[in-house]
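Asker: A single structure is presented below for examination.
All of the numbers you see were taken from the coordinates with simple rules; none came from a lab. Since we're looking at a predicted model, the values are computed, not measured. Using ideal geometry, Cβ is built from the backbone for each residue, glycine included, and neighbour counts are taken over all protein chains shown.
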């Protein structure tokens, strides 16, 4: 199976009532050379509903586990879609991811609802205004979904309530910067072996990872990374 080949399992079966019967999952929405295998595999698990959310756990041990969402509580059933999109904890995390995308593309809007749940969970086509950084979006999606999951586990098993800054910076922002740093090292390597045009490589980097100097500032082959969190 190549990264362009649809999964043979119809998504409509896994997500009956949410997706049409002929909907297919594509590896190209998961796999990227920069993506960690952990995050790619986790997205695949979400697609196939192979994640132990409370709705599923309660069916196994109904006497000891409630199907309610631990963040939203009354009258909620923690399904996969709820956990990674509808939950107040997930919405907070997606707003931060969307804000980063707005900064990278210079989008000036008062709301942070640029993406829908299919775009965040399944990688459906992104709005045109984000086309130049769509590669970053797919990496950011994986990081955001994994962050939602780790925070949920801390809440359930360690009774730890995350401060918003931990979600924003220790997880999402710093991980995105590490992806950017890896992309920059690849640019330097390609320039060194002289198989590609240095000008073209640098221009492409500036259009994506270096967009609007949000993640980094480049001066020739010297790059200053915004570890101090440019976005506040």
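Asker: Pairs of Cα atoms under 8 Å, at least six residues apart: use those to get the relative contact order of the chain, whole percent. Kindly include the intermediate steps, with their values, before the conclusion.
Answerer: Working: 242 pairs, mean separation 35.4, N = 232.
For the chain, the relative contact order is 15 percent.
Asker: Next question, about the same structure. Mind running the shape call on the stretch 32-225? Use the C-alpha gyration tensor, a ≥ b ≥ c as the square roots of the eigenvalues: rounded below 1.5 for a/c, prolate if a/b tops b/c, oblate otherwise.
Answerer: Working: a/c = 2.39, a/b = 2.13, b/c = 1.12.
Prolate shape, in that a/c is at least 1.5 and a/b is the bigger ratio.
Asker: Length gain on complete extension for the stretch residue 111 to residue 36, per 0.36 nm per residue less the alpha carbon to alpha carbon distance?
Answerer: 24.0 nm
Asker: Rounded to the nearest Å, what's the spacing between the alpha carbon centres of the stretch 165-232 and the stretch 8-70? Just the number, please.
Answerer: One Cα centre to the other: 31 Å.
Asker: Running a GNM on the chain with Cα contacts under 10 Å, which residue among 19, 112, 176 ends up with the highest mean-square fluctuation?
Answerer: So, out of 19, 112, 176, the one fluctuating most is 19.
Asker: Provide the packing ranking of 157-165, 64-72, i.e. peptides ordered by the mean count of other C-beta atoms within 10 Å per residue, highest first.
Answerer: Working: 157-165: 10.4, 64-72: 16.1.
Result, highest mean Cβ count within 10 Å first: 64-72, 157-165.
Asker: Quick one: among 145, 201, 221, which has the greatest mean-square fluctuation in a GNM of the chain with alpha-carbon springs under 10 angstrom?
Answerer: Of 145, 201, 221, the most mobile in the Gaussian network model is 221.
Asker: On to the next question. Quick check on the chain: helices-only [θ] at 222 nm, where DSSP H runs of length 4 and up contribute -39,500 (n - 2.57) each and the sum goes over total residues. Nearest 500, please. Present the calculation step by step, with values, prior to reporting the outcome.
Answerer: Values: 8 runs with 99 residues, N = 232.
One gets -13500 deg cm²/dmol as the mean residue ellipticity at 222 nm.
Asker: Compute the angle between helix 37-47 and the longest alpha-carbon principal axis of the chain, please, reported from 0 to 90 degrees and rounded to the nearest 10.
Answerer: Roughly 40 degrees, rounded to the nearest 10.
Asker: Here is a further query. Compute the long axis of helix 134-158 from its Cα atoms, compare it with the longest principal axis of the Cα atoms of the chain, and write down the angle in degrees, 0 to 90, nearest 10.
Answerer: 40
Asker: Could you tell me how many degrees, from 0 to 90 and to the nearest 10, lie between the Cα long axis of helix 174-192 and the main elongation axis, the longest principal axis, of the Cα atoms of the chain?
Answerer: 40
Asker: Once R0 is set to 25 Å, what does the formula 1/(1 + (r/R0)^6) return for the Cβ-Cβ distance between residue 160 and residue 73, expressed as a FRET efficiency to the nearest 0.05?
Answerer: Details: r = 17 Å, r/R0 = 0.69.
Computed FRET efficiency for residue 160 and residue 73 comes out at 0.90.
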